[in-house]
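Single-structure report; data block below.
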Amino acid sequence: MANEAQARGSEKLLAQLAKKGGAATLEEVKAAVSLPASSDFKLLRWLIRGIPPVYFEVETSFQVKPQQLAEFVNHFAAQPGIRDLDILINGIPKPDIAQVNVVLAQGGEV
Amino acid sequence: MGPAQHSIVQIHPTRRCNLRCLHCYSSSGPEQRDQLEASVLEHAITDASAEGYHVASFSGGEPVLYNELPRLLRHAKSCGMRTTVTSNGTLLDEKRLASLIGVTDVLALSLDGVPESHNRMRASQRAFETMAGHLPSVRASGIPFGFIFTLTQYNVNEMEWAAEYAFQQGASLFQIHPLEEVGRAAEQLTGARPDEVEAAYAYLEVERTRQQYAGKMAVQFDLVHAAVLRDHPERFFDREAATGRALGDLVSPLVIEADGQVVPFGYGFARGYALGSLKQRTLLELATQWRANGYRELQRLCHKAFEDASQRRELPILNWWDKLGEHAHASELSTAC
């Protein structure tokens, strides 16, 4: 079984999630980007695209407090599937909210 | 180790089985003949009860192939213990079920995903169909039953289907147990143990499943969040001295293997931590000897595994029992060197 070229269960789960489109739950989206269940953020939008099970991308936008920003960026920067990471700081004169846009590739090599 | 009211003695009376499952931790199969005499096990159950064990859990091999299983279940009940039987479900005809009624508190059936995956794991084209065919009789027997799903690196996506199937069949329990690379699984499923990523997905899936079936079906997950381990070490291992305390307060599950070996925590656990063999001494004798000589070593092992497991990590879901096994194995290797 292990010798067969087999996709991870989580990749297949994400493929199913992609088919469900907007019906996915917050927990499923957290799972899609490997965030711990306890992470505190506001999910602005998410999108899955690509051709499962070969590869697909999860694009998500989070709103987090500035003091959480470093933790979030470190989390995503360390992921092998990271393809894009944008940080937008909002708030005048003092930043009070940060938006993190992330694109993660899942599955095979892109 | 854990709260005394949950202390479990896990009994593997035989390694004989009608199937030869890929993930079998005891390498059981039709050709296996290892089995313990019922009188030895009856004595061990009496001793286990006296040592503070409250649950007798029968597994295998396929435990219903052990002719004296009903006798052992009756005996465990007469000692005031709760009883569970874990079966592949393919041999549960009405006659066998009748022998379990009244002496079995929970019947746990294996379910490894959708029928195709289940059959592949069971190395049998008819395993799912046969098990499913017995479910009406299982329901009619009135024995509370549940399903055990073995989580691998490849099947977290099938958990949702398995949970719904369990619920539709009337199960009161859905248990998710991670694959352990022990026995046949170590040979045939190398690399199939769920890694931290798959464990994290499973954790979230379990949370969702628990919400979905809240109040209707219990969902048990045999992996733990590192934060729970850090905050409640007492739930996972005992830190007090052994003097004057029952074995059931010190180690759970306690495992009796089909060759008579008594080991802590899991089938095939490193022999350096074993209590000994029931073929040479009674369980009470083994417990007395082990409290004096073996328990400190196990405590040291638990502390070491705890320090490792409770480290902060990106993906914090882990298998405590596996962690203990890894450290025990490493410790044996270093001793051998």
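Are any of the pairs A:K12/B:K323; A:K19/A:K65; A:K19/B:K216 more than 30 Å apart by Cα-Cα distance, and if so, which?
Working: A:K12/B:K323 27 Å; A:K19/A:K65 32 Å; A:K19/B:K216 28 Å.
From the list (A:K12/B:K323; A:K19/A:K65; A:K19/B:K216), the Cα-Cα distance tops 30 Å for A:K19/A:K65.
Given R₀ = 45 Å, what would the calculated FRET efficiency be for B:T243 paired with A:I92, taking r from the Cβ atoms and rounding to 0.05? Could the numbers behind the result be given before it?
On the way: r = 67 Å, r/R0 = 1.50.
Approximately 0.10, to the nearest 0.05.
Take peptide B:186-193, look around each residue's Cβ out to 10 angstrom, count Cβ atoms belonging to other protein chains, and average those counts. Mind dumping the intermediate values first?
Details: counts 0, 0, 3, 3, 3, 4, 4, 1.
Shielding by partners across B:186-193 averages 2.
Extending each Cα 7 Å along its Cβ direction at A:E59 and B:E297, get the distance between those two points in nm, one decimal.
5.9 nm
Would you tell me the mean number of C-beta atoms belonging to other protein chains that fall within 10 Å of each C-beta in B:149-156, as a whole number?
Details: counts 0, 0, 1, 5, 7, 10, 5, 7.
Per residue, the average neighbour count from other chains is 4.
Residue farthest toward the positive end of the dipole of the range B:95-139, with Cβ of Lys/Arg at +1 and Asp/Glu at -1: which of B:G113, B:A132, B:L97?
The listed residue farthest towards the positive side: B:L97.
Go ahead and run the numbers for FRET between B:V114 and B:R210, Cβ-Cβ distance against an R0 of 25 Å, rounding to 0.05.
Numbers: r = 21 Å, r/R0 = 0.85.
Step by step, r from the Cβ atoms, then E = 0.70.
Counting only other chains, and only Cβ atoms inside 10 Å, what mean value do you get across the residues of B:195-206?
5
Under 24 Å Cα-Cα from B:K95, which lysines qualify once same-chain neighbours fewer than 8 residues away are excluded?
Reachable lysines: B:K77.
Which aspartates and glutamates, on any chain, are close to B:K279 with Cα under 15 Å apart, when same-chain ones fewer than 8 places away are left out?
B:D34, B:E37, B:E42, B:D47, B:E257, B:D259
Only helical DSSP H runs with n ≥ 4 go in: add -39500 (n - 2.57) per run for chain B, normalise by residue count and round the 222 nm mean residue ellipticity to 500 deg cm²/dmol. Don't skip to the end; give the middle numbers.
Values: 13 runs with 138 residues, N = 337.
Dividing the helical sum by the residues of chain B leaves -12500 deg cm²/dmol.
Amide H neighbours of B:S57 under 5 Å, at least 5 residues apart or on other chains, H built in the peptide plane: list them.
B:V9, B:Q10, B:I11, B:T84
About the Cα centre of the protein assembly as shown, what is the dipole size in debye to 20, counting +1 per Lys and Arg Cβ and -1 per Asp and Glu Cβ, all else neutral?
Details: 44 positive and 53 negative charges, 128 e Å.
It works out to roughly 620 debye.
Readers should treat all values here as calculations from the given coordinates under stated rules, not as data from a laboratory. This is a predicted model, so every value here is computed, not measured. Please note: Cβ atoms are built from the backbone with ideal geometry, for glycine as well, and neighbour counts cover all protein chains shown.
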